[in-house]
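What follows is a single structure, written as structure tokens, with notes after it.
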Amino acid sequence: MFSGGTGDITKDQYFDLCEQLGNEPIPEEVPRDYSDLPYEVQVALDMYSYLPDIFGDMSGSFIGKDLSIIPYLFQVFDVENEKVVLEWIKTITNIQRLEVSNQIKRKQKKHAK
């Protein structure tokens with residue numbers, strides 16, 4: 001993936017750059033984007049964005065997502081392979097929980113110094 005001073009470039013920008021420079025695109029260097037993901041992952045990410053956040057009562061800290069509306073979202077998104085999409089939502093949830101946990105640990109270490 002190319003990375004410039006202002007950040008990553010899109011596929012279209014990469015192909016335009018190759019064309020301007022007269023170079024053949026190198027498959028390993030073509031930036032990846034949302035459309036490269038399997039359909040079920042795209043649906044899971046879309047559904048995940050609709051899930052309400054849950055925050056702790058006393059701390060106000062992010063706890064996770066309210067998964068109770070998933071059956072409704074399956075209907076709205078007309079999901080055919082619910083089991084696969086649900087597994088991806090669980091994976092996304094676990095990744096987010098891990099990231100939040102790591103952020104808290106970094107803040108605690110920073111404040112402990």
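Cut-off 20 Å, label point 7 angstrom out along Cα-to-Cβ of Lys83: give me the residues of region 17-56 whose amide nitrogen falls inside.
Inside the label zone: 38-45.
State the answer as a single residue: which of Gln75, Trp88, Asn102 lies farthest towards the positive end of the charge dipole of the chain, with beta carbon charges of +1 for Lys and Arg and -1 for Asp and Glu, about the Cα centre.
The residue sitting most towards the positive pole is Asn102.
If you put +1 on each Lys and Arg Cβ and -1 on each Asp and Glu Cβ, how big is the dipole of region 37-112 around its Cα centre, in Debye rounded to 20?
The calculated dipole for region 37-112 is roughly 780 debye.
Order the peptides 26-36, 63-73, 41-51 from the highest to the lowest mean number of other Cβ atoms within 10 Å of their residues.
41-51, 63-73, 26-36
Against the longest principal axis of the chain, how steep is helix 82-112, in degrees 0 to 90 to the nearest 10, with axes from Cα atoms?
Rounded to the nearest ten degrees, it is 80.
Mind ordering 79-87, 101-109 by average Cβ neighbours within 10 Å, highest first? List each step's numbers first, then the result.
Values: 79-87: 15.1, 101-109: 10.1.
Highest mean packing first, the order is 79-87, 101-109.
Provide, for q = 0.09, 0.11 Å⁻¹, the log10 of I(q)/I(0) from a solvent-free Debye sum over equal Cα point scatterers in the chain.
Normalising to I(0) and taking log10 leaves -0.42, -0.60.
Each reported figure results from applying straightforward, stated rules to the coordinates on display, with no laboratory input. Predicted model only: the values in this text are computed from it and were never measured. Positions of Cβ are backbone-derived with ideal geometry, glycine not excepted, and every protein chain shown enters the neighbour counts.
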